[in-house]
Amino acid sequence: MGLTLYAGPLSRLYAEREGASAHGAGAPGFTDGSRAALASFQRLIDGWMARIAEDLGDAGLWWRETPDAPVHVVVPGWPAFAALLLWAAYDETPGAPRPDWVTAESWAEDQVLFAAQARAEASTAPHLLLNERLWLPTGVPAVFEAPSPSGQQVVIGSVDGLLADLDAINQRTWRADEATARAWAGAHISPSGGPFEALARTGWAVTREVAAFAARERMPIVAEG
């Protein structure tokens, strides 16, 4: 299954997961789900949101968990997203020999990426590189571990921190404008992989697209796949 980045109300995503599971579907379709399931998950997410806000000391942490809340989904796939992670890691490791080609499997053993992740929040892109699976629209720029609403322990970053990291990577390396970013986002990506920089550009463009949406609409982002 490819990597999907979902920005929108978590109750809608959880309700759709439940519906997909009940009907034997292989992946979420990100539709509204049933009214009863949405109401149940809205209560779950509202309670979880309040606990996270208290833990962070962020009284302003809030987003809409309503059926009409906006949703944006991109599917960068693992090769493009992995290339973005590698690009960020090599950007802060001058002189390290860069790979020519990235696949969905080859990136997972990259020692430069491991070293960047080991630097934790001293990294130049902590909201991208630290294995985050969830980003929240919080003003607290911390990366932390906590149970997700489903109880799974996950690394959580901030939406604003992710967007800032992505913009900083662009300023240091490509300096792509909006038109260029749109063109990169629309590039065809083979699920088997491709040239390092071309994949990284597409991974950056689609990830920034969803991060900009989430920052504008004050919505969380979930990475699935």
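Contact annotation: residue pairs with Cβ atoms under 7 Å, 6 or more positions apart or on different chains, pairing a residue in region 168-194 that is on the phi > 0 side of the Ramachandran plot with a partner that is modelled with pLDDT under 95 and of a type in the set (Ser, Thr, Tyr), are 193/103.
Candidates are the residues of region 178-219 that are of a type in the set (Phe, Trp, Tyr) and out of contact with any strand residue (DSSP E or B) (no Cβ under 7 Å at 6 or more places or on another chain); the one that is nearest to residue 72 (Cα to Cα) is 204.
Any residue in region 1-30 that's at positive phi and at pLDDT 90 or above: show its pairings with residues that are surrounded by fewer than 19 Cβ atoms within 10 Å (Cβ to Cβ) and not aromatic (Phe, Trp, Tyr) at Cβ separation under 6 Å, as long as the two are six or more apart or on different chains. If the second residue must be surrounded by fewer than 19 Cβ atoms within 10 Å (Cβ to Cβ) and not aromatic (Phe, Trp, Tyr), the pairs left are 8/71.
Restricting region 94-111 to residues that are under 29 Å from residue 6 (Cβ atoms) and not acidic (Asp, Glu) leaves a set whose member that is surrounded by the fewest Cβ atoms within 10 Å (Cβ to Cβ) is 108. Condition check for residue 104 on (1) of a type in the set (Gly, Ala, Ser); (2) modelled with pLDDT of 95 or more; (3) assigned to a loop (DSSP other than H, G, I, E, B): one failure, at (2). Taken over region 45-93, the criterion of being among the hydrophobic types (A, V, I, L, M, F, W, C), surrounded by 19 or more Cβ atoms within 10 Å (Cβ to Cβ) and more than 20 Å from residue 154 (Cα to Cα) is satisfied by 74, 80, 83, 84, 86, 87, 88, 89.
The values are calculated or read from the model by the stated rules, or taken from the named source; none is laboratory data. Just so it is clear, the model here is predicted, and its values are computed rather than measured. Methodologically, a virtual Cβ is constructed for each residue, glycine included, from the backbone with ideal geometry; neighbour enumeration extends over all protein chains shown.
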